[in-house]
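A quick write-up on the structure given underneath.
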Amino acid sequence: MQKDGPKQRLDLEKITFLDIISIAFILLIAIGIILKTKFGDHLQSTAAIEASIFHDGKIHQHIALDKNQEISLLDGKLLVEIKDKKIRVKKSECPRQVCVNIGWIKHPGESIVCVPFKTLIEIKSPNKPVVDAVVF
């Protein structure tokens, strides 16, 4: 029987300067992507000035987001709150409360959907088109 030779192991003394530069470059790119994702809200238009409310596929009303207010919809089944140019469903009589749990929306293209009451609230911006997705 032959004996197995010594096992291959990574020798840290053989790491070259080029390896260190490559690792640092990859880490910088990863950190940059994380920061862009986390703090990239300013890239989308923040000039949302109104929200549109649709009920059963038809426009119900347009709401300006510049005034803090609460609006009752569908005979009190939904209570919509507008505050600091953001909008949310504050209270709903729907069973799962998904529309309430979505929370505040403020950027153009964001929406809140309440399926049981067939209601959609969508942020609109007349100035810039909405960026639906970004692919790298």
| Which of (1) within 17 Å of P116 (Cβ to Cβ); (2) within 20 Å of the chain's Cα centre (by Cα); (3) small (G, A, S) is the odd one out, the single condition G103 does not satisfy? | (1)
| message | For region 115-124, give me each residue that is more than 20 Å from D66 (Cβ to Cβ), touching a His at 6+ places or on another chain (Cβ under 7 Å) and not in a loop (DSSP other than H, G, I, E, B). | response | T119
| task | Output the residues belonging to region 55-104 that are in contact (Cβ under 8 Å) with a residue 40 or more places away in the chain and β-branched (V, I, T). | result | V80
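When the residues of region 86-114 are narrowed to those that are among the hydrophobic types (A, V, I, L, M, F, W, C) and in a loop (DSSP other than H, G, I, E, B), which ends up modelled with the highest pLDDT?
First pass over region 86-114, keeping only residues among the hydrophobic types (A, V, I, L, M, F, W, C): 87, 89, 94, 98-100, 102, 104-105, 112-114.
Then keep just the ones that are in a loop (DSSP other than H, G, I, E, B); that gives 94, 104.
On the way: C94: 91, W104: 94.
Going through the qualifying residues, I end up with W104.
The values are calculated or read from the model by the stated rules, or taken from the named source; none is laboratory data. In this text the structure is predicted, and so the values were computed from the model without any measurement. Cβ atoms come from the backbone with ideal geometry, glycine included; neighbour counts cover every protein chain shown.
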